[in-house]
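First comes the structure, then the notes that go with it.
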Amino acid sequence: MEIILKNGDKLSVDGGATCAQAAAKISDGLARNAVAAKVNGALCDLAHVLKEGDELEIVTLKDKEGLDVYRHTCAHVLAQALKNIYPTCSLAIGPVIENGFYYDIDFNTPITMDDLAKIETEMQKIIKAKTPIERFELPRAEALKLMQKYGEKYKVELINDLPEDSVISFYKQGSFTDLCRGPHLPNTGKIKAFKLVSIAGAYWRGNEKNKMLTRIYGVAFPKKEELEAHFTMLEEAKKRDHIKLGKELKLFALLNEGKGFPFFLPNGMTLKNTLVDFWRELHRKEGYVEIQTPIILTRTLWENSGHWDHYKDNMYTTVIDEEDCAVKPMNCPGGMLVYKLSPHSYKDLPLRMAEMGMVHRHEKSGQLHGLFRVRCFTQDDAHIFMLPEQIKDEIKGVIHLTDKIYSQFGFKYKIELSTRPENSMGSEEDWNIATDALKAALDELGRAYEINEGDGAFYGPKIDFHLEDSIGRTWQCGTIQLDFQMPQRFDLEYVGEDGQKHRPIMIHRAIFGSIERFIGILIEHFAGKFPLWLAPTQVKILPITDRTLGYANEVCKQLADAGIRCEVDKRNEKIGYKIREAKMEKVPYVLVVGDKEAEDGTVNVNKRGVEEKDTVKLDKFIKKVVKESAEKVIF
RNA sequence: GCUACUGUGGCUCAGCUGGUAGAGCAGCUGAUUCGUAAUCAGCAGGUCGCCGGUUCGAAUCCGGCCAGUAGCUCCA
């Protein structure tokens, strides 16, 4: 019989041939590297029997799907090993995740990190045995019986959730059988490089009301070298950890006295202020006005905005002169009040109103993490009030501004568009106009974006920006959200050309998202080596002996007068020692000044990351560093 | 919040199976005035996260609390 290959070629194979046999006919190499197959577009095992006219594509470890199959088999090997060691444990689910896999298990005895080595050894045994993995199918009723017989209560629950008439597939390797959709590797011997990395608690089906199971995480790669590279990357990420660097570089502090409320130290404050200055300058140029609304506002306002009913658990409340008040968790209600302060004409729109607003939210204690998740943070918020026909251009404007800001740090980013969810407010027509405007803005700018169907906020569609940092991790930062709710709740209006009152369209938008979080991301992105314009100390001056301290102070004064953040290391220490410290502080420019420099009016320039040293005239250096700082050079 | 782990001077860490704290760095003092990643010496600094229990005796064992870290979305 004949089958069709991916490239359109026809291949003749024996009747009843499997995908593996077909692969062998194509080439020995392909047969060796095959892990699964795609028949008529559907992923299946290599043992799958082909039919006349089937379209066949062999999947290898180079394919994302192939890698998933590989990792999924790892999860099964883990499960088998666990069953061998702990016969009474119950298996829940064991899916593939980025870089690896996990399995959720209900143990009768607690297990610890120390047990992982033992489990790995057992897994190695299973892999060495090259046990064939076989698929079989059962009708639902029999599948239930089988799992009940094995005492797998979670599997039973999973099968019960499947439709009555479904045929359930299982995979069997040696004495171990697991409920699974598949596909899997043909045998366990194909696994080459894996490691169990951690243990964590995880709720059955992700619901905190359910029992907490033990989750064992593993990573797996086709080659040992890739596994090692993965751990090298983790090491690198660990070195960049913003909590560690934040302490070393004296940027911020997290104290018991303020759980989730970061303290900004002088260096971190310089960083924060520099970011805010940069932000403010760009926003002014883009036609934004800036406001500041109070931190504490009355209960009536929060009732009006809906937060008192829907967000109260996350709000800090207080009583002032016997009146209930709340600390703002969001800036919008304050912004609405400002809009309402005076009547607006259609001629005033769009009105772009920005606010660097500090908000407080009571995040659950376990959610807190360094600057990434705090209970008090500054949003670079802005509310834009506009006419319906202005939506598209305003969105384009925000994206344009976002580009300017992100590119300053060398970030690439991805865009996601989220559309109307099920329980949402606003008319079908409003949603369509808004969603279409968002799409049109992205399309006109030629931006690629992913659509998250039904993932918008209940009050409007949104665009999210996901940054990619220097070691490939992504972070959600910026967001543009249309809001049909706030203008209605606050009864916002403007007078149109027709003399009638109309409701403006409003968007919330943020680019940094949270300044605190963004700073955390920047620390890790740059590994603490901030570009010149951001560096808390831009230039450090090191006199070789006390004789040149006077000259060092003069150099510092001139740089400071030129607007450069600089300092002199006045201590009576050897130059090598001072150099070492300045380098550890990751200062972009270190100037060494001794008798020679003092006499010639020069400085010896040591640039961060550059081996060669350069002696130049002081005025020349000042000009250069001022220019470079103003250019906000990336990296 | 839940599960696991962690919590010793400003920082990094040692302290084995309970006998009542130790180092390096930083700091201070003195000497040294030195040319590109740690000069030498001395001094000072901790009721071992907090509270309670067991014990003749607890940093060490037990319980509670507080704080930190990892994970808790990815459906067989």
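The values are calculated or read from the model by the stated rules, or taken from the named source; none is laboratory data. Predicted model, so just to flag it, every value in this text is computed and none were measured. Here the Cβ positions follow ideal geometry from the backbone for every residue, glycine too, while neighbour counts run over all protein chains shown. Ligands, DNA and RNA are stripped out before the accessible areas are found, and what is left, the full protein with its side chains, is counted by its heavy atoms. Shrake-Rupley method; radii C 1.70, N 1.55, O 1.52, S 1.80 Å.
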Legend entry - Span from the segment A:1-62 Cα centroid across to the segment A:288-318 one, whole angstrom: 61 Å
Inset, instruction - Compute the Cα gyration tensor for segment A:1-136, then decide on rounded, prolate or oblate, letting a ≥ b ≥ c be the square roots of its eigenvalues: rounded whenever a/c is under 1.5, prolate when a/b is larger than b/c in the other cases, and oblate in all that remain. - result: prolate
Inset, instruction - Give me the distance in nm between label points sitting 7 Å out from Cα along the Cα-to-Cβ direction at A:K312 and A:E52, one decimal. - result: 7.2 nm
Inset, instruction - Sort A:515-522, A:118-125 for me by packing, meaning the mean count of neighbouring Cβ atoms within 10 Å per residue, highest on top. - result: A:515-522, A:118-125
Inset, instruction - Treat each spin label as a single point 7 Å out from the Cα along the C-beta direction, and report the A:F458 to A:N423 distance in nm. - result: 0.5 nm
Legend entry - chain A: Cα Rg divided by the 2.2 N^0.38 Å rule of thumb: 1.21
Inset, instruction - With a/c under 1.5 counting as rounded, go ahead and sort segment A:298-386 into rounded, prolate or oblate using the C-alpha gyration tensor (a ≥ b ≥ c being the square roots of the eigenvalues; past the cut-off, prolate if a/b is larger than b/c, else oblate). - result: oblate
Legend entry - trypsin sites (Lys or Arg not before Pro) lying in DSSP loop within segment A:358-411, provided at most 12 other Cβ fall within 10 Å: A:K364
Legend entry - Sequence ranges A:282-290, A:183-191, ranked by mean other-Cβ count within 10 angstrom, highest first: A:183-191, A:282-290
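Which of the chymotrypsin sites (Phe, Trp or Tyr not before Pro) across segment A:83-166 are loop residues per DSSP, with 15 or fewer other Cβ within 10 Å?
Details: sites: A:F101, A:Y102, A:Y103, A:F107, A:F136, A:Y150, A:Y154; in loops: A:F107, A:Y150.
Answer in residue order: A:F107.
Multiply the residue gap between A:D9 and A:K128 by 0.36 nm, knock off their C-alpha separation, and tell me the result in nm, one decimal place. Before the final figure, lay out the partial values.
Working: separation 119, 0.36 × 119 = 42.84 nm, distance 3.73 nm.
So the extension gain works out to 39.1 nm.
Once you charge only the Cβ atoms, +1 for Lys and Arg and -1 for Asp and Glu, what is the size of the charge dipole of chain A about its Cα centre, to the nearest 20 debye? Before the final figure, lay out each step's value.
On the way: 89 positive and 96 negative charges, 481 e Å.
Roughly 2320 debye for chain A.
Kindly state, to the nearest 0.05, the FRET efficiency for A:W204 paired with A:S166, given R0 = 25 Å and r defined as their beta-carbon distance. The partial results should precede the final answer.
Details: r = 22 Å, r/R0 = 0.87.
It comes out at approximately 0.70.
Report the relative contact order of chain A, percent, no decimals, based on alpha-carbon pairs under 8 angstrom and at least 6 residues apart.
Normalised by residue count, the contact order of chain A is 9 percent.
Please compute the length gained on full extension between A:K244 and A:F136, using 0.36 nm multiplied by the number of residues separating them and subtracting their Cα-Cα distance. It would help to have the intermediate numbers written out before the result.
Working: separation 108, 0.36 × 108 = 38.88 nm, distance 5.13 nm.
Between A:K244 and A:F136, full extension yields 33.7 nm more.
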Inset, instruction - Determine the per residue accessible area of segment A:447-510 with all protein chains present and a 1.4 angstrom probe, expressed in square angstrom. - result: 43 Å²
Inset, instruction - Could you work out how far apart the two model spin labels at A:N273 and A:S342 are, taking each label as a point 7 Å from the Cα in the direction of the beta carbon, and quote it in nm? - result: 3.1 nm
Inset, instruction - Determine the calculated [θ] at 222 nm for chain A from helices alone, applying -39500 (n - 2.57) to every DSSP H run no shorter than 4 residues and normalising by the residue count; nearest 500 deg cm²/dmol. - result: -11000 deg cm²/dmol
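Starting from the Cα gyration tensor of segment A:258-301, take the square roots of the eigenvalues, sort them a ≥ b ≥ c, and report rounded, prolate or oblate (rounded when a/c is under 1.5, otherwise prolate if a/b is larger than b/c, else oblate). Write out the running numbers ahead of the final one.
Details: a/c = 4.06, a/b = 1.06, b/c = 3.82.
Because a/c hits 1.5 or more and a/b fails to exceed b/c, segment A:258-301 counts as oblate.
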Inset, instruction - Can you send over the carbon and sulfur percentage of the accessible area for chain A, probe radius 1.4 Å, protein chains only? - result: 50 percent
